[in-house]
Structure formats: C-alpha cells, structure tokens
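J.: Let me begin by handing over the structure; questions about it come next.
The values are calculated or read from the model by the stated rules, or taken from the named source; none is laboratory data. Worth saying up front: this structure is predicted, and the values here are computed from it rather than measured. Please note: Cβ atoms are built from the backbone with ideal geometry, for glycine as well, and neighbour counts cover all protein chains shown.
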C-alpha cells in the first residue's frame, strides 16, 4: 500500500531521529528544559534545541499544495479534503465513523452503526457494503451483536477486506475470520472462518497475498482466499492481561516472505529469554532466525520492525533505566542511550527506516532529533494523537480539541479541520 500505512497512535507522544524540523508555534518553554540520558559511560544532552518561532494563524480555509486526500469523521459524518478545496461533507446521518479511502482516492468506506457503507469521494453513490445481518451471518459466536473489527481496501483496488468481533460481557470477542466485498458492486464473500484467519491482516505489496498473524501462528493466504498455509508457529506470548500478542509483519518488496519479531513466551518469569527476529517464507519453507536479543517484556515495550524490514527498534531494562537499541539481521546491536524507565518509551520508525520516534519526559510533547543530540519539537500543538507519515518530509496528526493537522518538516503545521469525532483518519497520496 501507500505511505498512509506508516502510521500509529500516540496517546503519549514521541521523538523522531532526524536532522530536519517542523518550525514551531509557541509550546511549553522547550529551551529551558534540561534532560540528559546516559550513553555508554557519558551523557547526551536531550534538551530541545531552541528554534525560531514562526507566526502562523492556522485555518482550514487554506490547504497546502502537497496535502494528500484525507478523510475523517466529524459530528458523526464523513468528511474529505484535498489540496483543491475546503473540507467537504460526504454524509449527513450523524452516525458515521472510521472512514478508509481507496488508494486512488475515489471511494471511501466507513461504518454506520453496525454496518459497513461506501460513498464516492464526490459524495455520490452511497451504498451498503455489509449489513448487520450480513455480519451476524459470518459469526460463529452465536451473538446477535456483531460489528466490523478491522477493515481496509486491498492495494490498488476498491475491494474492502474485513474481519469481525462480537459483543461479550466485558471486552469485544474477536473472530479471526476474513471476508471481502467489492465497493463498486457489493456482494459479500466469506473467505476464511475464525479458525483460519488472523488477529490482523497484512497485504503483500502487490496485494496478491495476505499474512494473517495470530497469537500462536502466522497463516498466509492468496487474496482470493485460496492456498491457505500455516507458515510459522510459536508459543503464545504471556501478556498478563486479556490481550494477545499478535506479531507485526513486514513484507519483502517481492512478496516472497516477510520479517517478524517473536518475543519469549514468558519474559516476566524468565527475563533473560531471547526475543527472535525472523524471516518467514510465504510459501511455507523453513523459517530463518536473523537475530536474537533480550528485550523489555512485550506488554511493556513492544519491539518495532523498520518499514524496510532490515532492523528492529527495542528497549532493554538496565536497573531503573531503559536502553534504546537497534539491531539488524547481521546481529549488529547498537545501544543509543539510556533513560529513566518511567519517562521514556519507543513509538516507531520514520519512513526512511533510519530514524526512529520515541517519547521522553514531558508526555504532552512530540519530539524530533538526531540519534544522540539536538532534540527538538516535532509537534507545534499539544495533546497529539494518531501520528501518520505521508512521506519522508510530511505528516498528519490529531491535536487537542480533535484538531486534524498537516505539517511539512521545516514549516508550521496547518489546521485542516477541528471538532473531529475521534482521532481516526485515513488518507491517500494518489488522486
């Protein structure tokens, strides 16, 4: 898929490793903060570098020329914006949420109550994709309350794939199934039942195959539901909660296989047990261990694979501190710095697979800086959430008061719209 896939939620905010910066609007006195982290026997100064404050009045009446086509929910309706116009309301029921946009920018799929709908990017041809009855018919739970758990467009198509979950007395019960529907001519097709699918589904770059990781194995299936194979099994990772560890998958560009990270089964009871960095062939051939390392428990700090699949970002406890590490397939493992465990955490990678994001000290700020110096603010608005890279130089995020903002590195962020229903949004760079 496109770069909109390089995204993650950051209800606590983070640091990115880079030499460029977003010019900042006023923020809580970064130049007077002092923060140091130990590096190898010395210390690196993590105090933000002062930057020139730019005067900017944000307004969604102006859109930058390189803004992608973005869709989001506001007041229970679906909205869309691109560089050519003001935000446009696509629906008006007051009950719509969680929009997803096709790669070509022409179709938006969304949820309406317990159903899945689609509409054209021009606000035309609103149609039902999967009714509440359709979803119940897919479920093996016997529940009459079933809704979509994960859904998204397949790469370069208008076909929406989805899985479901059902109501329980406490948390929703996920079903590891898989179904699809063509948004141009809706006809629901069940592909896999709950014993065959995954906790999430991840398409190969060409959309021909789908990886289906779950808490004890990873399946691979062709996009039409044929050729299902279990390509890797592992002991379930103990998370000491009702949640499962579902491993991340990063496909090779040619779709021949993927990289994944499998923690030790019981990292709390056996802190020295290694986490494994693996290559898994998509045809079910022998898996290869690329590296192993001792990491923080996955329930406290989840390792993250770089977008190119070459390296893993992780933390490791050292006394009361956490160390930030990056390891690659050659087993070269570098520790970048150590910081107090309760004031530091990793978030993920930048699109270049070289720079990383992490939060530090003041959780109300997003930071940006090179690996061992010159940390500066990445966000110029407080309370950021759901940070998503558009490309290597620009990104979207949701700030306080449910503001959707767009920022090009080196420039102030631009307010796209405010009063969003929640922090979810989607976008495409092709339209």
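J.: Consider residue 136 carefully, then state whether it is surrounded by 17 or more Cβ atoms within 10 Å (Cβ to Cβ), farther than 21 Å from residue 72 by Cβ and in contact with a helix residue (DSSP H, G or I) (Cβ under 6 Å, 6 or more places away or on another chain). It would help to see each step written out before you state the result.
T.: On the way: surrounded by 17 or more Cβ atoms within 10 Å (Cβ to Cβ): yes; farther than 21 Å from residue 72 by Cβ: yes; in contact with a helix residue (DSSP H, G or I) (Cβ under 6 Å, 6 or more places away or on another chain): no.
So residue 136 does not fit the description; no.
J.: Condition check: in a strand (DSSP E or B) and either over 25 Å from the mean Cα position of the chain (by Cα) or surrounded by fewer than 15 Cβ atoms within 10 Å (Cβ to Cβ) (or both). Does residue 128 satisfy that? Please lay out each step first, then the result.
T.: Working: in a strand (DSSP E or B): yes; either over 25 Å from the mean Cα position of the chain (by Cα) or surrounded by fewer than 15 Cβ atoms within 10 Å (Cβ to Cβ) (or both): yes.
Spelling it out, residue 128 is indeed in a strand (DSSP E or B) and either over 25 Å from the mean Cα position of the chain (by Cα) or surrounded by fewer than 15 Cβ atoms within 10 Å (Cβ to Cβ) (or both).
J.: Filter the stretch 307-330 down to the residues that are farther than 19 Å from residue 246 by Cβ, at pLDDT 95 or above and part of a loop (DSSP other than H, G, I, E, B) and list them by number.
T.: 308, 310
J.: Just for the stretch 371-387: of the residues that are more than 27 Å from residue 338 (Cβ to Cβ) and part of a strand (DSSP E or B), which one is modelled with the lowest pLDDT? It would help to see each step written out before you state the result.
T.: From the stretch 371-387, those more than 27 Å from residue 338 (Cβ to Cβ) are 380-383, 385-386; that's our starting set.
Still in the list and also part of a strand (DSSP E or B): 385-386.
Numbers: 385: 80, 386: 86.
Once the filter is applied, the top-ranked residue is 385.
J.: Any residue at all in the stretch 325-334 that's buried (at least 16 other Cβ atoms within 10 Å of the Cβ), touching a residue at least 24 places away in the same chain (Cβ under 8 Å), out of contact with any helix residue (DSSP H, G or I) (no Cβ under 8 Å at 6 or more places or on another chain) and farther than 22 Å from residue 279 by Cα?
T.: There is no residue in the stretch 325-334 that is buried (at least 16 other Cβ atoms within 10 Å of the Cβ), touching a residue at least 24 places away in the same chain (Cβ under 8 Å), out of contact with any helix residue (DSSP H, G or I) (no Cβ under 8 Å at 6 or more places or on another chain) and farther than 22 Å from residue 279 by Cα.
J.: Just the residues that are surrounded by fewer than 15 Cβ atoms within 10 Å (Cβ to Cβ) and more than 22 Å from residue 220 (Cα to Cα), please, taken from the stretch 236-265.
T.: 240, 241, 242, 243, 265
J.: Now, a different point. Of everything in the stretch 82-106, what is under 21 Å from the mean Cα position of the chain (by Cα) and either within 16 Å of residue 417 (Cα to Cα) or not in a loop (DSSP other than H, G, I, E, B) (or both)? Give them in sequence order.
T.: Filtering the stretch 82-106 for residues under 21 Å from the mean Cα position of the chain (by Cα) gives 97-105.
Scanning the stretch 82-106 gives 97, 98, 99, 100, 101.
J.: Oh, and also: Among residues belonging to the stretch 151-189 that are in contact with a strand residue (DSSP E or B) (Cβ under 9 Å, 6 or more places away or on another chain), modelled with pLDDT under 95 and closer than 26 Å to residue 104 by Cα, point out the one that is surrounded by the fewest Cβ atoms within 10 Å (Cβ to Cβ).
T.: 187
J.: Has the stretch 358-370 got at least one residue that is over 19 Å from residue 301 (Cα atoms), modelled with pLDDT of 75 or more and assigned to a loop (DSSP other than H, G, I, E, B)?
T.: No, the stretch 358-370 contains no residue that is over 19 Å from residue 301 (Cα atoms), modelled with pLDDT of 75 or more and assigned to a loop (DSSP other than H, G, I, E, B).
J.: Return yes or no: is residue 81 surrounded by 15 or more Cβ atoms within 10 Å (Cβ to Cβ), within 30 Å of residue 167 (Cα to Cα) and either out of contact with any strand residue (DSSP E or B) (no Cβ under 8 Å at 6 or more places or on another chain) or at pLDDT below 95 (or both)?
T.: Answer is no for this residue.
J.: When you scan the stretch 131-164, how many residues do you find that are at negative phi and over 20 Å from the mean Cα position of the chain (by Cα)?
T.: Count: 19.
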